[in-house]
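What follows is a short report on a single structure.
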Amino acid sequence: MTHTVTTGEVLMDLRGVRMSFTGAGGEPLQVLDQVDLQLREGEIVALLGRSGSGKSTILRIIAGLLAPTDGHVDYRGTPLTGSNPGAALVFQSFALMPWLSVQDNVELGLAARGIAPADRHRRALAAIDRIGLDGFETAYPKELSGGMRQRVGFARALVLEPDLLLMDEPFSALDVLTAENLRTELVNLWATTDFPTKCICIVTHNIEEAVLLADRVVVLGANPGHIIAEVGVDQPRPRNRRAPGFAALVDHIYGLLTGRDTEIATATPDSATPFATPLPDASVGGIAGLLELVWGSHGRADLPEVADELNFELDDLLPLVDAAALLGFLTVDSGDVILTNVGARIVNADIQGSKRIFADQARRRAPLVRTICSALIGSAEGSVRADFVLDLLRRGFSDEDARRQLELAIDWGRYGELYDYDTDSGRITVDPAADLSADR
Ligand code: ADP
Ligand code: MG
């Protein structure tokens with residue numbers, strides 16, 4: 001796990017970057033805290049983190065599409081004001097103009113930079129050729145496969161001959177084989193001597209992709225987004241998932257993503273608030289499935305293996321792990337998950353027993369569930385308006401996230417038979433079977 005020695009000239013320098021958006025209730029929502037990041041000539045850097053850790057926000061700040069709330073952003077030693085002249089972006093969704101041909105899509109960025117038509121034409125043809133779309137110049141996006149469309153996305157960025165190629169999950173909308181194919185081609189292009197781009201920064205939530213591509217992996221945590229660690233990848237190219245050391249690196253990064261510095265609850269249940277400790281986006285069924293799988297492997301499992309077995313990506317698996325850890329069903333230790341005693345009990349309980357254990361744990365350890373239970377205890381009617389809870393949540397979450405948090409809390413509380421949501425009245429109501437007043 002040696003750090004790559006990077007001696008190239010600094011292209012991007014981010015120091016003390018913080019970012020806040022305005023939440024649905026008008027309060028600031030902090031999404032990035034104290035991000036220090038340098039991108040240098042000659043390197044491929046991966047920004048890796050789960051959904052919501054601020055990866056796209058960092059990329060947009062580097063591209064100059066967003067100005068940070070605080071901190072400094074320099075491009076080649078000069079403060080960035082407005083759109084970054086050295087950067088070009090590739091998006092997950094390709095973002096092509098459906099009414100323009102491949103050729104015109106690729107020329108678009110050149111036109112914006114005021115380049116003469118004849119020159120645009122020539123340069124677009126060369127970029128199209130370089131990215132393997134020769135012969136498709138007159139095709140329209142809808143006539144192309146996903147992989148071909150993303151090639152257009154690449155050509156459109158490369159035609160600008162950017163210093164810095166910024167890519168936001170460029171392979172995640174593609175099928176596995178197409179993605180692998182394009183990754184290989186990207187690395188091959190990078191290796192050609194006349195490739196004009198000096199640095200590639202790729203956003204991903206896929207650990208293997210990061211280790212396959214990057215010289216350096218910047219690992220991000222959430223709430224708010226921050227850098228947990230940087231990991232140098234000293235694997236020789238071309239890289240191979242089965243090469244010695246590859247799996248160990250993936251494991252190491254799993255450990256970082258689930259370690260102490262992340263939001264996985266080293267839960268201090270009493271002080272945790274619904275804002276500081278949001279409910280992980282996990283269904284009760286998903287949590288139960290994970291626990292069974294860990295039980296099945298004798299109470300301890302390696303996360304990369306679990307992901308493999310379930311054919312899950314990071315974004316699918318980590319919320320389940322977070323939720324199970326928050327609820328005290330398992331602990332996480334350097335990339336392994338270990339079932340706790342309570343975890344073992346719930347796996348082996350009958351359905352009523354499992355609901356009871358779930359309810360107890362959720363009431364004690366899941367802050368939003370606890371908040372709702374307290375509100376119910378305090379209400380004369382044994383019910384509260386869901387809108388009231390939603391308004392509270394909007395003080396710390398975007399509207400979408402606030403709604404999702406409420407949905408999760410209702411899902412969890414309903415399973416534990418603590419409370420239920422009545423669509424007609426729009427109220428959350430104590431479950432008749434629940435004993436909320438009991439001191440537990
Ligand atoms: P990632 O790319 O890692 O999934 P993002 O950078 O897209 O993360 O988002 C980080 C956080 O910022 C998320 O919680 C998201 O809801 C929030 N966010 C992003 N853009 C906005 C915006 N324009 N307004 C409010 N919140 C935003
Ligand atoms: Mg994103």
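The values are calculated or read from the model by the stated rules, or taken from the named source; none is laboratory data. In this text the structure is predicted, and so the values were computed from the model without any measurement. Cβ sites come from the backbone with ideal geometry, for glycine too, and all protein chains shown count toward neighbours.
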*Residue pairs meeting the criteria (Cβ under 8 Å; at least 6 apart or on separate chains; first under 17 Å from ARG414 (Cβ atoms), in region 380-397; second of a type in the set (S, T, N, Q) and assigned to a helix (DSSP H, G or I))*: VAL389/THR371
*So LEU376 clears everything in (1) of a type in the set (A, V, I, L, M); (2) more than 19 Å from ALA323 (Cβ to Cβ); (3) modelled with pLDDT of 95 or more except one condition, right? Which one?*
(3)
*Close pairs from region 353-369: first more than 19 Å from VAL389 (Cβ to Cβ), partner of a type in the set (Asp, Glu), Cβ under 8 Å, at least 6 apart*: LYS355/GLU417
*Return the residue satisfying two criteria in turn: it lies in region 185-216 and is in a strand (DSSP E or B) and within 16 Å of ligand 2 (Cβ to nearest atom), and of such residues it is farthest from LEU257 (Cα to Cα).*
CYS201
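Name the residue, out of ILE207, ILE202, that is within 16 Å of ligand 1 (Cβ to nearest atom), more than 21 Å from VAL17 (Cβ to Cβ) and among the β-branched types (Val, Ile, Thr).
On the way: ILE202 fails: more than 21 Å from VAL17 (Cβ to Cβ).
Only one candidate passes the filter, namely ILE207.
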*Can you run down the residue pairs with Cβ atoms below 9 Å, 6 or more apart or on separate chains, where the first is in region 92-108 and in contact (Cβ under 8 Å) with a residue 60 or more places away in the chain and the partner is β-branched (Val, Ile, Thr) and within 16 Å of ligand 2 (Cβ to nearest atom)?*
GLN92/VAL203
*Where residues in region 15-62 are away from ligand 1 (no atom under 11 Å from the Cβ) and free of Cβ contacts under 8 Å to residues at least 40 places away in the same chain, which of them is nearest to ASP281 (Cα to Cα)?*
GLY26
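Picking from ARG183, ARG241, ARG130, which residue would you name as being over 26 Å from VAL17 (Cα atoms) and surrounded by fewer than 16 Cβ atoms within 10 Å (Cβ to Cβ)?
ARG241
Against the definition (modelled with pLDDT under 95 and crowded, with 16+ Cβ neighbours inside 10 Å), how does PHE275 come out, yes or no?
In short, yes.
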*Assess whether GLY71 counts as being modelled with pLDDT under 95 and closer than 27 Å to GLU230 by Cα.*
no
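Would it be correct to say that ASP333 is among the acidic types (Asp, Glu) and closer than 25 Å to GLY221 by Cβ?
Values: among the acidic types (Asp, Glu): yes; closer than 25 Å to GLY221 by Cβ: yes.
Yes; evaluated as a whole, the condition is true for this residue.
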_Looking at the structure I just gave you, is LEU164 among the aliphatic types (A, V, I, L, M) and at pLDDT 95 or above?_
yes
_Restricting region 77-103 to residues that are surrounded by fewer than 17 Cβ atoms within 10 Å (Cβ to Cβ) and not small (Gly, Ala, Ser), the residue that is nearest to ligand 1 (Cβ to nearest atom)_ = THR81
